[in-house]
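Engineer: Quick one: the structure is below, questions incoming.
Read-outs: derived from the displayed coordinates by stated rules, not from any lab. Since we're looking at a predicted model, the values are computed, not measured. Cβ atoms come from the backbone with ideal geometry, glycine included; neighbour counts cover every protein chain shown.
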Amino acid sequence: MRSANSSSMSLTRVAAATMAAVVLLSACGKKDESAKAGAPAGQQMPAPEVGVVTAAFQTVALQSELPARVEPIRTAQVRARVDGVVLKRSFTEGSIVKQGQSLFTIDPAPYQAQLAAARADVARAQANLVASRAIAERYKPLVEANAVSKQEFDNAVAAQKQGEAEVAAAQAQLKVAQINVGYTNVNAPISGRIGRALVTEGALVSATQSTELALIQQTDSMYLNITQSATELQRLKKQGGGADNVPVTVLLEDGTELPTRGRLLFSDVTVDQGTGQITLRATVDNKNNALLPGQYVRVRVAQASLPNGILIPQQAVTRGGQNGDTVTVIGADNKPVPRQVKIASQQDASWVVTSGLKEGEKVMVDGFQKLQMMPPGTAVKPVQWTPAGAQQAPAPAQAGASTPADSSR
């Protein structure tokens, strides 16, 4: 009996506890529903902040990004000008050499012998000239006195002139011999950076085969040989007129921008019939040797100027959509509206807009993720947008006041 009574009392306790839990959960659910129903009436969500820029007309350079090859401002091939065996190399490969600096020495012995022989020929010719001149001078008064025939006097004068010619010829051969001796010492024709030696000591070089010994290139300034479509060049000129003293920005292979800007020298007047392209040449300083001969780079060239262009940050433009290039404009009611625009070219981190925007309109740049969480047509709070680098500068002074703004985002 005791066990049956105790079992009945346990079931009664369990049922009572279950009923109490159901009543408690029902009360909590009603409380939550009343809280949710009363939230919109008591509090309204603030408009999300979005970064905007104000469209403003300004004179903008229409830039084109084009491929280019780097070429030294001056290049000289060091070649042998006499035959012989290389005895010595007098430079360090890859170093800077000065104009006139000795680079190679070719065996001068045979040319020194030719020089000595040429000097002897000059001395012999001069001696013969002295003798023929003395005879001609001696015959001159004699022919006037009819002591010698006129034929003999004419022969003496001719011998004198022949001697003078022989002296001149011998002196010319002496000059050639002196030049050849000088050519045995190969000097740098220009100043610049010399590459590797193409011959070694003991090598036989030839003047007739124009043996190349080394290559010198001036790399402190570089040419940029740029190619561009002739059609694109004409379109830019028609769109924005001409531009004088055009600057050139160089982009290296890794995408970094060369600190030093170059300038455009000229545009070729002939279009390549095979490719339809035209060649442009620019020059740029290369004091730090950032550019190497033959290197492939890209350049930005401002070939025309647009008097009424608008610069918009690249992140504000959606390119290549179904409706073309679009931006988001904040209207007078602070509601974002998409707008189709026309892009002309790129300038640094901005796009050049030629149509689709009016001066004074606010273009949305930042805060697009916030709008994705809002229903369409939601009003926003536009604030002036500044680049990330400019926003980080005053951060230490506003560190104490930045916590509420961060929590609201």
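Engineer: What's the extension gain from ARG119 to THR231 if we count 0.36 nm per residue and subtract their Cα-Cα distance?
Structural biologist: Net length gain for the segment: 33.6 nm.
Engineer: Near ASP107, within a Cβ-to-Cβ distance under 12 Å, what is the net charge of the other residues, with Lys and Arg +1 and Asp and Glu -1?
Structural biologist: Value of the local net charge: -1.
Engineer: Separate question: How high is the FRET efficiency from ASN187 to ASN146, r the C-beta distance, R0 56 Å, rounded to 0.05?
Structural biologist: E between ASN187 and ASN146, to the nearest 0.05, is 0.35.
Engineer: Just to confirm my numbers, what's the Cα centroid distance between the range 270-295 and the range 130-194 in Å?
Structural biologist: 55 Å
Engineer: If you don't mind, another one. Hey, what's the Kirkwood Rh for the range 109-183 if you take every pair of different alpha carbons, in angstrom?
Structural biologist: For the range 109-183, the Kirkwood estimate is 13.7 Å.
Engineer: Could you tell me how far the Cα centroid of the range 199-223 sits from the Cα centroid of the range 319-362, in Å?
Structural biologist: Value for the Cα centre distance between the two parts: 58 Å.
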